[in-house]
């Protein structure tokens, strides 16, 4: 059971993040933002003033939201960058939970108009996006930061090792480490590990467990 989060201001990010190929086509990923939405709801239920920055999720949203839960929609990577910098720099968030599935690469050039479908070959050159996770502590040094690390077909030991490396690079206070093979998007199963700076590991088996145990772990440390 999560203790009271009353008077705590929490910013959560969730959902996929688009990058444009042309005016109508995008590169995206398979994630829906279900976990980010669940964390935001759980935080609000326990008294926090929660703001969720939600990407182009296909999930139906509640028609009525509690007064202490605000959802701001975005689609593209550049929109998320601007939104996060604006929110974090202008408001004193106690906690930032960055769970959005952010694009790691963006086309070097976004084509004007629509790329012709008659092309026999199409080459798209990509460049790395800036690491938003590494910027958060620059924008808000005092915020308690939770970042996420996703791998594919990694053993637990290797997954935790990579999560700890990312924790140090981004100066995060907690990391949620998960592997794609352990995520059942349709049925809600989601095995993950919450890792702290002391090396403690909390295991979770569902999205609901991640939301609840993550908020409990945060409260124990702030």
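Mind listing whichever residues of region 118-142 are free of Cβ contacts under 8 Å to residues at least 60 places away in the same chain, surrounded by 11 or more Cβ atoms within 10 Å (Cβ to Cβ) and assigned to a loop (DSSP other than H, G, I, E, B)?
130, 131, 140
Provide a single number: the residues in region 88-104 that are touching a strand residue (DSSP E or B) at 6+ places or on another chain (Cβ under 8 Å) and over 18 Å from residue 148 (Cβ atoms).
Qualifying residue count, region 88-104: 3.
May I ask you to list the residues in region 13-26 that are over 14 Å from the mean Cα position of the chain (by Cα), outside any loop (DSSP other than H, G, I, E, B) and farther than 16 Å from residue 130 by Cβ?
Passing the criteria: 20, 26.
Just checking, does region 72-82 include any residue being under 18 Å from residue 211 (Cα atoms), surrounded by fewer than 17 Cβ atoms within 10 Å (Cβ to Cβ), touching a helix residue (DSSP H, G or I) at 6+ places or on another chain (Cβ under 9 Å) and free of Cβ contacts under 8 Å to residues at least 60 places away in the same chain?
Checked against the condition, which is being under 18 Å from residue 211 (Cα atoms), surrounded by fewer than 17 Cβ atoms within 10 Å (Cβ to Cβ), touching a helix residue (DSSP H, G or I) at 6+ places or on another chain (Cβ under 9 Å) and free of Cβ contacts under 8 Å to residues at least 60 places away in the same chain, region 72-82 yields no hits at all.
Report, by residue number, each residue of region 143-180 that is crowded, with 17+ Cβ neighbours inside 10 Å, out of contact with any helix residue (DSSP H, G or I) (no Cβ under 6 Å at 6 or more places or on another chain) and assigned to a helix (DSSP H, G or I).
159, 160, 163, 164, 166, 167
Contact list please: Cβ distance under 9 Å, first residue in region 103-117 and at positive phi and exposed (fewer than 10 other Cβ atoms within 10 Å of the Cβ), second residue modelled with pLDDT of 85 or more and assigned to a loop (DSSP other than H, G, I, E, B), pairs at least six apart or on different chains.
Going by the 9 Å Cβ cut-off, the qualifying pairs are 113/22; 113/23; 113/24.
Which count do you get for residues in region 144-178 that are touching a residue at least 24 places away in the same chain (Cβ under 8 Å) and either out of contact with any strand residue (DSSP E or B) (no Cβ under 8 Å at 6 or more places or on another chain) or closer than 26 Å to residue 11 by Cβ (or both)?
Residues meeting the conditions: 24.
If you take the residues in region 45-68 that are more than 17 Å from the chain's Cα centre (by Cα) and surrounded by 15 or more Cβ atoms within 10 Å (Cβ to Cβ), which one is farthest from residue 143 (Cα to Cα)?
65
The values are calculated or read from the model by the stated rules, or taken from the named source; none is laboratory data. Values in this document were obtained by computation on a predicted structure and should not be read as measured data. Ideal geometry is used to build each Cβ from the backbone, glycine not excepted, and the neighbour counts take in all protein chains shown.
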